[in-house]
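Peer 1: Submitted below is the structure of interest, expressed as structure tokens.
What follows draws every value from the coordinates through simple rules; no lab data is involved. None of these values were measured; they are calculated from a predicted model. Reconstructed Cβ throughout: ideal geometry from the backbone, glycine too, with neighbour counts over all protein chains shown.
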Amino acid sequence: MPSADVTGLVFDWNGELKSCPDVAINDETLRDGLQAPSVREPPGHLKQRLIHLMPALGIDAATLGFPAAGPRMLAQCRLLAREVATARLPLALNCAARTLESDLRPIVELANGTGLTIEAGAFIRASAVGQTVGRQRLDQMLAAVEQAVGFGVRNGLAVMFVAEDGSRAHPDTLAALCRAAVRAGARRLCVADTTGFATPAGTARLVRFIRERVIAPSGAAIALDWHGHRDRGLAVANCLAAAAAGVDRVHATALG
């Protein structure tokens, strides 16, 4: 039988989502996605399989893990980085680190040992909650950011500065931390909604704020990422809002 004509059955009220065609995806499955199933961690060969599936799905980048967390995590990062190098997978790699030289050194060693470019995602808690709990003054935080980012850059790493809990940070504090990272050589910024606090409207305002108050005045080619959490079920909506507001890359993880 001839197929039915379905032209015009659906009217699209959504329209085109601006800025989305060029938005990249960073897969956090191997780090954030493995924080929940701690009873049984997948073996190495399954993680290698995931690495191969990522570029096949059109994913652009992957977070290997947090090498400074301990020998097991460092071994995982080394295993997966070597797999990417051996198989020549078209996948950009990054690793998480606090804004500490001691956290960045294993990433430098990993990059040197594999010959790969590995981006360091150096994070610091940007909200007043983090400052209170960590008993850190803003000047101490700025110094830590500049020292850690500078160390990474001097040692050949591409550095992404991550404003952890950025969705609850005061605008002046958030801007100051991001500017310090850019001055020290970071060429990618990431705002993290660490507690799933943001709404789509708030996400869009945050993205526009960083672009207008930090990136544009710097005059540098700075990429911007959005790292959302789904505590209130808004992770996908916030990613779409971030994309529409002009981020270059969003972070996601299989199975949350």
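Peer 1: Who wins for biggest fluctuation among Gly228, Gly65, Gly219 in a Gaussian network model of the chain, springs between alpha carbons below 10 Å?
Peer 2: Per the Cα network of the chain with a 10 Å cutoff, Gly219 tops the list.
Peer 1: Helix-only mean residue ellipticity at 222 nm, the chain, DSSP H runs n ≥ 4 weighted -39,500 (n - 2.57), per residue, nearest 500. What is it?
Peer 2: -13000 deg cm²/dmol, from helical runs alone.
Peer 1: Over all directions, what mean area does the Cα convex hull of the chain project, stated in square nanometres?
Peer 2: Computing the convex hull of the Cα atoms and averaging its projections yields 17.2 nm².
Peer 1: Say a paramagnetic label sat at a point 7 Å from the Cα of Glu109, along Cα to Cβ; which residues of region 48-78 have their backbone N under 20 Å from it?
Peer 2: 64-78, by backbone N distance to the label point.
Peer 1: Moving to a separate point now. What FRET efficiency would be calculated for the residue pair Glu212, Leu255, taking the C-beta separation as r and a Förster radius of 41 Å, to the nearest 0.05?
Peer 2: According to the calculation, E is roughly 0.70.
Peer 1: Comparing Thr117, Thr194, Thr132, which has the greatest mean-square fluctuation in the GNM of the chain with Cα pairs linked when under 10 Å apart?
Peer 2: It is Thr132.
Peer 1: For region 36-131, take N as its residue count and report Rg(C-alpha) divided by 2.2 N^0.38 Å.
Peer 2: The value comes to 1.13.
Peer 1: Also: Rounded to whole Å, give me the distance from the Cα center of region 43-114 to that of region 119-135.
Peer 2: Cα centres, region 43-114 to region 119-135: 23 Å.
Peer 1: Using the C-alpha gyration tensor of region 133-218, what are the square roots of 5 times its eigenvalues, in whole angstrom, with the largest one first?
Peer 2: The three semi-axes for region 133-218 are 21, 15, 12 Å.
Peer 1: Give me P(r) over region 95-173, computed from all C-alpha to C-alpha distances, binned every 5 Å, as integer percentages.
Peer 2: Final binned percentages: 3, 17, 27, 21, 15, 10, 6, 2, 0.
Peer 1: Moving to a separate point now. Report the calculated FRET efficiency for Thr117 and Gln147 (r = Cβ-Cβ distance, R0 = 22 Å), to the nearest 0.05.
Peer 2: After rounding to 0.05, the efficiency reads 0.50.
Peer 1: So if we plug the beta-carbon distance of Trp13 and Thr132 into 1/(1 + (r/R0)^6) with R0 = 45 Å, what FRET efficiency do we get, rounded to 0.05?
Peer 2: Rounded to the nearest 0.05, the efficiency is 0.55.
Peer 1: Determine the relative contact order of the chain: mean sequence separation of Cα pairs under 8 Å and six or more apart, normalised by residue count, in whole percent.
Peer 2: 19 percent
Peer 1: Once you list every other residue whose beta carbon is under 12 Å from the beta carbon of Arg125, what net charge do they have if Lys and Arg are +1 and Asp and Glu are -1?
Peer 2: After counting each charged neighbour, the total is +1.
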